[in-house]
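Worksheet: the structure to be examined is printed underneath.
The values are calculated or read from the model by the stated rules, or taken from the named source; none is laboratory data. Source: prediction; values computed, not measured. For neighbour counting, all protein chains shown are included, and Cβ atoms are generated from backbone atoms with ideal geometry for every residue, glycine included. Side chains are part of the model used for accessible areas, which takes the heavy atoms of the whole protein and leaves out ligands, DNA and RNA. Shrake-Rupley method; radii C 1.70, N 1.55, O 1.52, S 1.80 Å.
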Amino acid sequence: MKRDAGQRLLWCAGALTGLSLALGTVGAAVGQSGRGAPVDVANPLVGTAPLDRQDLIGNAPPPGEPVYSGQTSPGARVPHSSVEAAPVNNNIALSFPNGVPTPYYYTNPTMLGFTGGGGSTYGGSAEPIVSPVVGDWSMPPAYRESFYDKAREKASPGYYSVYLDTFQTKVELTATRWASLMRFTFPASERANVLLNFREHGGRMEIVDDHTVRGIAQDSRAIDGAYFVAEFSRPFRDCGVFRKSPGKDAGWGIGDKDVQPGAKQIAGTYAGGYLTFRTTAGEQVLVKIAHGTSYAQAEQRLRDELPGWDFEGVHRAARDAWAALLNRVEVEGGTAKQRAMFYSTLFQSFSSPRLIAAKGEPFTDLNGKVQTATHDRYGPVPFWDTGRNQIVLLEMMEPERVRDIMASELDMAREKGFMNTSFHGDNAVFLFLGSWKRGIPFDYAAAYEYLRKNATDPAGPRQFLAEYDKNGWISDFIPKGNPSPPYAGGKAGAATTLEYAWDDHAMAEYAHRLGKKEDEALFLKRAANYRNVFDSSIGFVRGRTEDGKWIAPFDPQEPYYNFMMKEASGWSTLWLEPHDVQGLINLLGGRDAFDRKLDEFFSTPYTPKGICRDCTGLIGQYVQGNQPDQQVAYYYDWGGQPWKTQKLVREILAKMYGSDSSGYGYPGMDDQGATSSWYALSAMGFYPVDPSSDEYILGSPLFDRVSLVMGSGKRLEVLARNNSPQNMFIQSATLNGKPWTKTWFSFNDVKDGAVLALTMGPKPNTAWGAGPEAAPPSMSSGREQPRSAPEIGRAGGV
């Protein structure tokens, strides 16, 4: 969860008096919805609500702010599509109510409008905003909002519906890959209005005829193009345009707006148009919207994907697209709520990256040039987030798509000179190396040129690289006055050192596969740099000043946004060596000391003075709601006590997802599929602690049977015999009928199809998986997977 502190000024939304009753009703419905086909079980509202138990959210949020939710969207979309038809109940123009520009927050009681475009990342920047308003309307950003009925709000893959009580209007949304379709069912009215407007940056809006509106956004961030065309299913009676009046006035009060009845064109801030229909009770008005790099492309997309007004047919096609993907994972057993949560998190796992252009289509590159796509072009991968887990899920289920994602990342690197990074660290190498190890064909040598440039050029995206190269660690300065946590200044020196060491280990393996021995030696040496910020006198990773001294005072419970750590405490940051867990074991004094440290981590009460907005989903000092320590529940598999991993995974799955009154709550932000993927993978019984490896670390599956059809068409089955909420502990295991005592398996173990059978019981089997030889590989264990590389571009893959 990553935003600058200045972007975290939030506002606390009010709530309807009866909202808690509605939430309770909805939560009960979630628990009953786990039967049926996966596409019917998945609920896109999952992830849109915050946790509400104080023991799980600690001292968050700061006064006057809401708790971070998953920041997922319940809007209608197809897998990885460019556009999403989404509800908007966050007035982002006035603030970032939830830390990032997400359009929807479940407990907000009023609706502003809806979007049908492809806004960047979280979707809060999509435009135009389309608002059905009966009667009087208001200029944005002071939208005429409507209360809406939570009990009548419905969402399923490819569909969203809500009833606007204030306007007595039903809204339904569905979408294709490039276009969105909205259906408004109005009451009898002489003034059933539909408003379309750009956001604050504005643009040019044009009413073309009595059923068509089009526009071009100024400084658009839409991934599907700055131009849009909207067509209505019937002519409107009256129309006009509006904008904020020129000048510095904020644009909300009387006299500071420019409304022009009957006019057809306008440009400026919040530029928009209003269309007025005369409707009878139950009369429907539909609008279809597409975007493009030109009006011609937007119009062509409408003709290709929405030639008519068959809302049910479009909805059915979107549902079928989701069914084809979700049906590739079958689960048996578990509760109805667990099955619903599983397919809902699996659904949300495919929220990124988003398609920008299909092969052969024009798109605008990073330099502002219109190009023709030579493959399906996707937007950037949020590597600090989904690069840790979701990308592995895609490698398993959608290797062909991953090829296009890698090609897109390589093209973007060529356009700007460096490989993309994401917020913190330099984790793009995880995608390329993990895919290579899984046999996904690609020109990996071409990608290495830019991965290496990132890792070695001080002018590149790796901040403080020269210092890292010189010292083997990155320092922090002690700010004047020793400000209280969660101080947002600084270099996040300790955490950045750990991230770079992890990246460098992946780079060493990559270089080995290419036969680049000097590079391999360079990066392998740097992969051990995490040791340089470990203070053995206290047993924690800790910041250092430029002269090498440890920063003091130091309290490992206190979280920081950028001072020493990154959105985390010393406790959470301690474990950020997924490439060398055995090396951390050695630093802490051996397996027994390591396990005691883990025990202390998960049991020490969370009592910091600083309030970290991202730090929710708590078990002791563990924070499920943010990236730095999400993998740590699996570390007992290295420590010889895998039964503790099994218990913790079950506890996290039960407490951190859907335990709120709505049944939709997440710990912290989903970050475009990352927190969702944690649930989906862990519920199946395994997790990729290091996504640059091809190893899957065992936990405790929720279900009696999981059957996953991999990208190769082969099937991976996980059977949990004698499984139940109490029988969470692995007693014994077989892989393809042979005894299995390791707490992990690799791609090579399952690439041809496999059955992993686990016998479960109510008490730990402290012998199974306990020996050092059963632990997953690590850089320092001397048991890393063989580094011999398949031929570059070799076919195959999971």
task: Holding the Cα-Cα limit at 26 Å, pick out from Lys453/Lys525; Lys549/Lys644; Lys714/Lys763; Lys264/Lys369; Lys655/Lys738; Lys470/Lys597 the pairs that are longer than that.
output: Lys549/Lys644; Lys714/Lys763; Lys264/Lys369; Lys655/Lys738; Lys470/Lys597
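For Asp219 and Ala281, compute 0.36 nm times the residue count separating them, minus their Cα-Cα distance, and round to one decimal in nm. Write down the numbers at each step before the final one.
Numbers: separation 62, 0.36 × 62 = 22.32 nm, distance 4.01 nm.
Going from the current span to full extension adds 18.3 nm.
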- request: Please state the charge dipole magnitude for the range 507-634, taken about the Cα centre, from unit charges on C-beta atoms (+1 on K and R, -1 on D and E), reported in debye and rounded to the nearest 20.
  value: 180
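Find me the longest stretch of the chain that has none of the exposed GluC sites (Glu not before Pro), where exposed means in a DSSP loop (not H, G, I, E or B) with at most 15 other Cβ atoms within 10 Å.
Numbers: sites that count: Glu200, Glu546, Glu791.
Between the exposed loop sites, the longest stretch runs 201-545.
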task: Output ³J(HN,Hα) for the range 84-90: one whole-Hz value per residue in order, computed from phi by the Karplus curve 6.51 cos²θ - 1.76 cosθ + 1.60 with θ = phi - 60°, and x for Gly and Pro.
output: 8, 8, 10, x, 10, 10, 10
- request: Can you tell me how much longer the chain between Ser245 and Lys264 gets when fully stretched, taken as 0.36 nm per residue apart minus their C-alpha distance, in nm with one decimal?
  value: 5.1 nm
message: Step by step: find N for the range 503-636, compute 2.2 N^0.38 Å, then divide the Cα radius of gyration by it. What's the final number?
response: 1.12
query: Using the C-alpha atoms of the chain, what convex hull volume per residue, in cubic angstrom, is computed?
result: 150
- request: Taking only protein heavy atoms into account and a 1.4 Å probe, give the accessible area per residue of the range 706-776 in Å².
  value: 43
- prompt: Once the Cα atoms of the range 121-180 are picked out, what are the Rg and Dmax in Å?
  reply: 13.0, 34
message: Taking amide H atoms as placed 1.01 Å from N in the peptide plane, list the residues 5 or more away in sequence, or in a different chain, whose amide H sits under 5 Å from that of Ile356.
response: Arg377, Tyr378, Gly379
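Against the empirical 2.2 N^0.38 Å scaling, what ratio does the C-alpha Rg of the range 596-731 come to?
Details: Rg = 15.4 Å, N = 136, 2.2 N^0.38 = 14.2 Å.
This ratio for the range 596-731 stands at 1.08.
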Electrostatic dipole magnitude of the range 214-372 [Cβ: Lys, Arg +1; Asp, Glu -1; Cα centre; debye, to 20]: 220
message: Name the residue from Ser294, Ala654, Tyr104 whose Cα lies farthest towards the positive end of the charge dipole of the chain, charges +1 on Cβ of Lys and Arg and -1 on Cβ of Asp and Glu.
response: Ala654
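Test of understanding: express the Cα radius of gyration of the range 500-543 as a ratio to 2.2 N^0.38 Å, with N the residue count. Intermediate results must be reported in sequence, preceding the final value.
On the way: Rg = 12.7 Å, N = 44, 2.2 N^0.38 = 9.3 Å.
Cα Rg divided by the expected 2.2 N^0.38 Å: 1.37.
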task: Apply the Debye scattering formula to the range 670-757, with a single equal point scatterer on each alpha-carbon and no solvent, then give log10 I(q)/I(0) at q = 0.14, 0.18 Å⁻¹.
output: -0.49, -0.82
message: List residues of the range 561-599, by number, whose backbone nitrogen lies under 17 Å from a label position 7 Å along Cα→C-beta of Thr545.
response: 563-564
field: Compactness of the range 255-314, expressed as Rg and Dmax over alpha-carbon positions, Å
entry: 15.7, 45
field: Using θ = phi - 60° and Karplus 6.51 cos²θ - 1.76 cosθ + 1.60, couplings along the range 200-207 (whole Hz; Gly, Pro as x)
entry: 4, 5, x, x, 10, 10, 9, 8
- prompt: Considering only DSSP states other than H, G, I, E and B, which chymotrypsin sites (Phe, Trp or Tyr not before Pro) in the range 254-299 qualify as loop sites with at most 13 other Cβ atoms within 10 Å?
  reply: none
field: Residue among Tyr448, Phe432, Ile478 farthest towards the positive dipole end of the range 410-499, charges placed on Cβ
entry: Ile478
- request: Give the distance, in whole Å, between the Cα centre of the range 318-382 and the Cα centre of the range 410-429.
  value: 21
statement: Under the helix-only model (-39500 (n - 2.57) for each DSSP H run of 4 or more, divided by the residues of the chain), the mean residue ellipticity at 222 nm, to 500 deg cm²/dmol, is -7500 deg cm²/dmol
- line: Residues whose modelled amide H sits under 5 Å from the amide H of Ala175, counting only those 5 or more places away in sequence or on another chain, are Leu181
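To the nearest 20 debye, what is the magnitude of the charge dipole of the chain about its Cα centre, counting +1 on the Cβ of each Lys and Arg and -1 on the Cβ of each Asp and Glu? Before the final figure, lay out the partial values.
On the way: 81 positive and 88 negative charges, 111 e Å.
With Lys and Arg at +1 and Asp and Glu at -1, about 540 debye.
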query: Each label point is 7 Å from the Cα along the Cα-to-Cβ direction; what then is the distance between the points at Ala296 and Glu600, in nm?
result: 6.9
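Could you compute the longest span of the chain free of trypsin sites (Lys or Arg not before Pro) located in DSSP loops and having at most 11 other Cβ atoms within 10 Å, not counting the site residues? Spell out each step's value before the answer.
On the way: sites that count: Arg35, Lys248, Lys359, Lys369, Lys480, Lys549.
So the longest stretch without any such site is 550-798.
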